[in-house]
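Down below is the structure, laid out as structure tokens.
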Amino acid sequence: FEMVWSVDQGRLKKQTLKGEPPVTVQMILKAMGDRVDERILELTQDRLLLLDKDGKTKYDWRRVRRP
């Protein structure tokens with residue numbers, strides 16, 4: 001996925017522009033949309049915890065440290 005994103009007032013805002021394979025990306029974007037605006041619950045060097053617009057679903061992104 002190729003995206004543009006920004007952080008504004010405690011929110012992560014991103015828009016998907018394109019990706020590979022294009023047919024699959026378009027199918028995903030049609031089902032889920034191309035824009036996201038999620039509240040940031042936690043942001044550290046190792047973790048990004050986001051809250052979906054539904055107010056219930058959390059997305060917990062973790063940094064993978066490679067040896």
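The values are calculated or read from the model by the stated rules, or taken from the named source; none is laboratory data. Just so you know, these numbers come straight off a predicted model, no measurement behind them. Here the Cβ positions follow ideal geometry from the backbone for every residue, glycine too, while neighbour counts run over all protein chains shown. Note: accessible area is taken over every heavy atom of the protein model, side chains too, but ligands, DNA and RNA are not part of it. Shrake-Rupley method; radii C 1.70, N 1.55, O 1.52, S 1.80 Å.
A few notes on this one:
- Value at 222 nm in deg cm²/dmol, rounded to 500, when DSSP H runs of n ≥ 4 in the chain each add -39,500 (n - 2.57): -5000 deg cm²/dmol
- For the chain, the Kirkwood estimate of the hydrodynamic radius, built from every pair of different alpha carbons, is 13.3 Å.
- Simple point charges give the picture: +1 on the Cβ of Lys and Arg, -1 on the Cβ of Asp and Glu, and for the chain a dipole about the Cα centre of about 180 debye.
- Net charge of the neighbourhood of Asp60, taken over other residues with C-beta under 10 Å away and scored Lys/Arg +1, Asp/Glu -1, is +2.
- In Å², nearest 10: area of Val4 left accessible to a 1.4 Å probe: 70
- Listed by chain and number, the lysines whose alpha-carbon sits under 16 Å from that of Lys18, ignoring those within fewer than 8 places in the same chain, are Lys30.
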